[in-house]
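Read through the structure below, which is laid out as structure tokens, and then see the notes.
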Amino acid sequence: RKPHERISDVLFTVGCGTDREIIGKFEKALNQIGVYGVETAETSILSVLGADLSISESSCNALIDFGGGQTTICVLTANGVISGVSAGIGGNTLNKMIAENVEKTLSVTLPDTQVEYLKKSVASLAIDDDTKVVVSGKDTMSGKNRSINVSASQIVEPVKEFLDKIIEIVKMVFN
């Protein structure tokens, strides 16, 4: 496009509960660079529509959308979001909690890829879950590479702590 051309009919997605004043500032900034016809939609509504869920005026739908950096929790109808929040806690938060737990209990610092693999492979709330996976990182004492077996039961504490935080937010939104 040429520098003087206007862009119109733009859909600008915002997190659940984004303040109208903040949305206005974004719209103004977009207008200043030649972007007009900006419509905003909350990501939670788009998620429900994208999942092809039925939204009606007479029923409420609940949405919990886990992302890497945030989790969106809301209750919505066809008229929009009734109650909701985008909380700064997501999959990356759980990864950090697992990495800190492994470092503290097993004296190994894991790279991000290994933490993600560990989370996806064995993360569980079952205390007696003996599912194991081998991950590699650096020994915190020697600094040398070290592979370790980690079972689901060894990382149940950070998983439970993470989900407890999510449950607190869910209760706040649903009440």
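No lab work stands behind these numbers, since they all come straight from the coordinates. This is a predicted model, so every value here is computed, not measured. Backbone-built Cβ (ideal geometry, glycine too); neighbour counts: all protein chains shown.
Annotations
- Filter on 138/165; 120/144; 138/160; 96/144; 96/120 - keep pairs with C-alpha separation over 18 Å: 138/165; 120/144; 138/160; 96/144
- Tilt relative to the chain, helix 91-106 - C-alpha long axis, 0 to 90 degrees, to 10: 10 degrees
- When you count the other C-beta atoms within 10 angstrom of each residue and take the mean per peptide, 25-31, 141-147, 160-166 line up highest first as 160-166, 25-31, 141-147.
- Residue with peak Gaussian network fluctuation, the chain [Cα springs, cutoff 10 Å], from 98, 23, 45: 23
- Compactness check for the chain: Cα Rg over 2.2 N^0.38 Å is 1.37.
- Cβ-based net charge around residue 153, under 10 Å, with every Lys or Arg adding one and every Asp or Glu removing one: -3
- Charge-dipole axis of the chain as Lys and Arg at +1 and Asp and Glu at -1 on Cβ define it, positive-most pick from 85, 24, 166: 24
- Estimated at 0.36 nm per residue, the fully extended path between residue 136 and residue 172 surpasses their Cα-Cα distance by 9.1 nm.
- Between the helical axis of 156-174 and the longest alpha-carbon principal axis of the chain there is an angle of about 20 degrees.
- Rounded to the nearest 500, the 222 nm mean residue ellipticity of the chain from helices alone is -12000 deg cm²/dmol, with -39,500 (n - 2.57) taken per DSSP H run of at least 4 residues.
- Signed unit charges on C-beta, dipole axis of the chain, positive-most listed residue 13, 44, 148: 148
- What the pair-distance distribution of segment 38-82 shows, using all Cα-Cα distances binned every 10 Å from zero, is 26, 57, 16, 0 percent.
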